[in-house]
Structures are given as structure tokens and as C-alpha cells.
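Chemist: Quick one: structure below, then a few questions.
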Amino acid sequence: MVQVGDKFPTDVALTYIPWTPENSGVLACAIPIPYDLSKKLPGRTVVIVSAPGAFTPTCTANHIPVFIEKIDEFKKKGVDDVVVITTDTPFANAAWGKALGAKDEIIFANDPLAALSKELGYLKSEVPASFGIRGARYAVVVKDGVVSYFGVETSSGVTVSGADAVLEAL
Amino acid sequence: MVQEINSAEEFDKAIASGVVLVDFFATWCGPCKMIAPVLDKFSKEYEQVTFYKVDVDKLSEVAARFEISAMPTFLFFQNGEVVSKVTGANAAAIKQTITKLI
């Protein structure tokens, strides 16, 4: 399990589809491009937020929408990228981002077969077998490649993995 | 006409000088097929620009070099440097960009 103070792993190949304005959805076909952790982490502050899946509900609280709402506060605190990951395809994740009303301020990326969540030590338990392997709901702050905050939800609801908790830790 | 580029070396030579337009397309992409005849027409109309196309599946390293994430993407080069970009099958934007560069 990765702890605060550890180096964040950079060997998992996350991919994402950069946001393009609505009207070019009909005019263009998207393909995922890499979000290369070995290039995006050094010298930068990146917040990685994991959700079990695109469009999955949280029971009593909002998770990702609050990050979208408060993105300016994150930028003011020196965050370069907020990256939301799930094990769903980059296409599903990109569509989820659009459905939530995000534009290009947040990156919606695919964690292939939960490789990153596995390496961090945070897979979701109690998942129906048909859903496949899933990452847990958590948020990590990585400053210059080193973990400075780690919040994993242990029950339903959003507490330590939420935008407010991360903002406080920044 | 729009000439297809078949290797990275060919690509580097093609963009090296003058005003060059490169159409990054995929064979399975509808909008790319839609815009192809328009591009062909432009290539005959605007002789000051050299028109090329790159199949992103065949030349994936070249596509990755420019972080092509949507097809078609049109990159405009002037003496080897990217000076403009149009994403999507937007004939009007392509025409506008061409006329600005020549």
C-alpha cells in the first residue's frame, strides 16, 4: 500500500480523450491519448481521484461534481491537473465527464484493469463479479511525484476522498 | 490532390518547407470520409499549399508526436513548424486558415 511520503508509481499507462467542444463531436472521431505519469508528475501538483465506475452513484453525497464546481479553488492552491480515473474505457469516462458538465478543466482517464489502484493497494471490495475489477473510491495528492495526501473511503458516502478534504490538505 | 505519407522520414521531408497542410485521418472515421472530397477540391484551388494525409493507424508514432486525439485533425506547417490547427471536419475553418496563410 502506498502511503504519504512514498513516490507515486509512474509505470501504469493511463489514457484519456481530451475534451472538445460539443459541436465537434459530430465532426470528429476521438481516440484516447496517454496521460504519462512519468512526464506529468515531476515538478507539478496532481490530484488523482478514483471512482469505482463512470456514472456510479454515491449514496448520500456528490463526489466528482464537487471537484468540477471547485476547480478554481484547486488551481488557486497550485494544482496543475485533477485527474478522475475509473476502470471504464476512456470513451465511457469522457462521456461521463461531459454528462457531469465538465469541459477541459478535469481529465477523465482510464485506469486499465485497475492497474494503478492495484499498485496503490486500493481495490474496491464487495463488487458484483460481473462488474470486473474496480478501484476503490479515493483521492491522492501528488506533489513533484511524492504522495502528500491519501484519502480512501471505507464505507459509502464521500468524506476523505472528497473535494473539501483534498482542498484542506493542499 | 492530397498525397498520402507512408513513413516518418517521408513526413519530416514533406513538412520541411513551404506551407503544408496535413490531414490526420482514420479509415474507420466517418467525418474523415465526409471531408475528403472537400480537401481534394481545396488542393486544386490553393496551389500555394501542399496537401498531405496521414493514416493515424499506419503512422501511429507520427500521430502520437502531435498528440492527435480526434480525427480528422488538420495541422498547418510553415517551414517545418506547426502554425495552425483545425480539429474536426470543418470545411469553413480549413478554408479560412488556408486563406490566412497564403
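Chemist: Ignore the peptide's own chain and count Cβ atoms of other chains within 10 Å of each Cβ in B:86-92; give me the average, rounded.
Modeler: Mean partner shielding for this stretch: 4.
Chemist: If you take each beta carbon of peptide A:28-41 and count the beta carbons of other chains within 10 angstrom, what is the mean?
Modeler: Taking the mean over all residues of the peptide, I get 4.
Chemist: Show me the chymotrypsin sites (Phe, Trp or Tyr not before Pro) within the stretch B:38-74 that DSSP assigns to loop and that have at most 16 other Cβ atoms within 10 Å of their Cβ.
Modeler: Within the stretch B:38-74, the qualifying chymotrypsin sites (Phe, Trp or Tyr not before Pro) (loop, at most 16 other Cβ atoms within 10 Å) are B:PHE66.
Chemist: To the nearest hundred square angstrom, how large is the accessible surface buried between A and B, total for both chains, probe 1.4 angstrom?
Modeler: Summing both sides, the interface buries roughly 900 Å².
Chemist: Hey, another quick one. Using the Karplus curve 6.51 cos²θ - 1.76 cosθ + 1.60 with θ = phi - 60°, what ³J(HN,Hα) values do you get for each residue of the stretch A:34-45, in whole Hz, with x for Gly and Pro?
Modeler: Per-residue couplings from phi come out as x, 10, 7, 4, 5, 9, 8, 8, x, x, 10, 10 Hz.
Chemist: Nothing charged except the Cβ atoms of Lys and Arg (+1) and of Asp and Glu (-1): what's the magnitude of the dipole of the protein assembly as shown about its Cα centre? Round to the nearest 20 debye.
Modeler: For the protein assembly as shown, the charge dipole is close to 300 debye.
Chemist: Counting only protein heavy atoms and a 1.4 Å probe, tell me what percentage of the protein assembly as shown's accessible area is made up of carbon and sulfur.
Modeler: Carbon and sulfur: 53 percent of the exposed surface of the protein assembly as shown.
Chemist: Calculate, for chain A, the solvent-accessible area per residue in square angstrom, rolling a 1.4 angstrom probe over the heavy atoms of the protein chains.
Modeler: Per residue, chain A has 47 Å² of solvent-accessible surface.
Chemist: Could I ask something else about it? Taking the stretch A:13-169 as the region of interest, what is the percent of Cα-Cα pairs per 10 angstrom bin, listed from the shortest bin to the one with the maximum distance?
Modeler: Cα pair-distance distribution for the stretch A:13-169, in percent: 11, 43, 37, 9, 0.
Chemist: Here is a follow-up. How far is it, in nm, from the label point at B:LYS100 to the one at A:THR89 when both lie 7 Å from their Cα along the line to the Cβ?
Modeler: With each label point 7 Å from Cα toward Cβ, the separation is 3.5 nm.
Chemist: Write out the chymotrypsin sites (Phe, Trp or Tyr not before Pro) in the stretch A:34-141 meeting two conditions: DSSP loop, and at most 16 other Cβ atoms within 10 Å of their Cβ.
Modeler: A:PHE55
Chemist: Could you give the nm distance between label points at B:LYS85 and A:GLU105, where each point is 7 Å from its Cα heading toward the beta carbon?
Modeler: The two pseudo-label positions are separated by 2.2 nm.
Chemist: Suppose the Debye formula is applied to equal point scatterers at every Cα of the stretch A:26-105; what is log10 I(q)/I(0) at q = 0.22 Å⁻¹?
Modeler: Here the Debye-derived log intensity ratios amount to -1.22.
Chemist: Place +1 on the Cβ of every Lys and Arg and -1 on the Cβ of every Asp and Glu in the protein assembly as shown, take the dipole about the Cα centre, and give the residue among B:ALA89, A:ALA54, A:MET1 whose Cα lies farthest towards its positive end.
Modeler: Ranked along the dipole, the leading option is B:ALA89.
Chemist: So what is the relative contact order for chain B, in percent, with contacts set as C-alpha pairs under 8 Å and at least six apart?
Modeler: Relative contact order for chain B comes out at 37 percent.
Chemist: Further question on the same structure: Have a look at A:VAL66, A:VAL83, A:VAL141 and tell me which one the Gaussian network model of chain A (Cα, springs below 10 Å) gives the largest fluctuation.
Modeler: A:VAL66
Chemist: Near the amide H of A:GLY145, under 5 Å away, which other amide H atoms are found, from residues 5 or more places off or on another chain, if H is placed in the peptide plane?
Modeler: Amide H neighbours of A:GLY145: A:GLY43, A:ARG44.
Chemist: Determine the gain in length on full extension of the stretch A:ASP164-A:ARG44; use 0.36 nm per residue of separation and subtract their C-alpha separation, reporting nm with one decimal.
Modeler: Contour length minus the Cα-Cα distance gives 41.2 nm.
Chemist: Out of the stretch A:1-90, which GluC sites (Glu not before Pro) are coil in DSSP terms and have no more than 10 other C-beta atoms within 10 Å?
Modeler: A:GLU22
Chemist: Okay, moving on. Can you tell me the dipole magnitude for the stretch B:1-99 around its Cα centre, using point charges on the Cβ only (Lys, Arg +1; Asp, Glu -1), in Debye to the nearest 20?
Modeler: Dipole magnitude for the stretch B:1-99 comes out near 340 debye.
Chemist: Further, regarding this structure: To the nearest 20 debye, what is the magnitude of the charge dipole of the stretch A:13-169 about its Cα centre, counting +1 on the Cβ of each Lys and Arg and -1 on the Cβ of each Asp and Glu?
Modeler: With Lys and Arg at +1 and Asp and Glu at -1, about 160 debye.
Chemist: Run the numbers on the stretch A:13-169 and let me know its relative contact order in percent, using alpha-carbon pairs under 8 Å that are six or more apart.
Modeler: Result for the stretch A:13-169 is 30 percent.
The values are calculated or read from the model by the stated rules, or taken from the named source; none is laboratory data. All values derive from a computational prediction rather than experimental measurement. For neighbour counting, all protein chains shown are included, and Cβ atoms are generated from backbone atoms with ideal geometry for every residue, glycine included. Note: accessible area is taken over every heavy atom of the protein model, side chains too, but ligands, DNA and RNA are not part of it. Shrake-Rupley method; radii C 1.70, N 1.55, O 1.52, S 1.80 Å.
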